[in-house]
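What follows is a set of notes on a single structure, which appears directly below.
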Amino acid sequence: QVQLVESGGGLVQTGGSLRLSCVASGRTVYSMGWFRQAPGKEREFVAANSLSGATKYYADSVRGRFTISRDNAKNTVFLQMNSLKPEDTAIYYCARTLGSRATTIMEDYNLWGQGTQVTVSS
């Protein structure tokens, strides 16, 4: 059974950087994405990457600051987060679809990791 395990979260000051990783226990032959959920808020889309890595989508709130990438040989997806803001504080989840195209739609994702906490202090 394939599992997704995130890591790399932590506490960082405003303007700092973190790099999240998501390792799949099986092959990552599908498109992948990152979502986040802040306390008291609904889970929201952050970034998505197609299987080939050629197509990437970002939420408006993170575009220009976050970069999604993947290493299919290592079954790993990354989220590089720069210029972090307090409003980026949330639990970050990686997720996998059953297709190869990048998608921003949460319902397209059928496998989720357990999440990693990111806290940005002001």
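The values are calculated or read from the model by the stated rules, or taken from the named source; none is laboratory data. A quick note: this is a predicted structure, and the numbers were derived from the prediction, not measured. Quick reminder, even Gly has a Cβ in these numbers, built from the backbone with ideal geometry, and neighbours come from all protein chains shown. Surface areas here come from the heavy atoms of the whole protein model, side chains and all, with no ligands, DNA or RNA. Shrake-Rupley method; radii C 1.70, N 1.55, O 1.52, S 1.80 Å.
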Check your understanding: How many residues does the range 16-67 hold that are β-branched (Val, Ile, Thr), over 14 Å from Ala95 (Cβ atoms) and under 14 Å from the mean Cα position of the chain (by Cα)?
Key -> 2
Review point. Mind checking which residues of the range 1-56 are in a loop (DSSP other than H, G, I, E, B), of a type outside the set (A, V, I, L, M, F, W, C), free of Cβ contacts under 8 Å to residues at least 60 places away in the same chain and surrounded by fewer than 16 Cβ atoms within 10 Å (Cβ to Cβ)?
Key: Gln1, Ser25, Gly26, Arg27, Pro39, Gly40, Lys41, Glu42, Ser52, Thr55
**Study point:** Residues that are open to solvent by 30 Å² or more (accessible area, probe 1.4 Å) and not in a strand (DSSP E or B), drawn from the range 101-122
**Key:** Arg101, Thr104, Ile105, Met106, Glu107, Asp108, Gln114, Ser122
Check your understanding: Does any residue in the range 84-101 that is free of Cβ contacts under 8 Å to residues at least 60 places away in the same chain come within less than 9 Å, Cβ to Cβ, of a residue that is surrounded by fewer than 18 Cβ atoms within 10 Å (Cβ to Cβ) and among the acidic types (Asp, Glu) six or more places away or on a different chain, and which pairs are these?
Key -> Ala90/Glu44
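Yes/no matrix, rows are residues, columns are (1) closer than 23 Å to Pro39 by Cβ; (2) open to solvent by less than 60 Å² (accessible area, probe 1.4 Å); (3) modelled with pLDDT of 95 or more:
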| residue | (1), (2), (3) |
| --- | --- |
| Arg65 | yes, yes, yes |
| Asn72 | no, no, no |
| Asn75 | no, yes, no |
| Phe78 | no, yes, yes |
| Met81 | yes, yes, yes |
| Ala90 | yes, yes, yes |
| Tyr93 | yes, yes, yes |
| Gly99 | no, yes, no |
Practice item. Residue by residue through the range 1-53, note down the ones that are under 22 Å from Thr103 (Cβ atoms) and among the basic types (Lys, Arg). Key: Arg27, Arg36, Lys41, Arg43
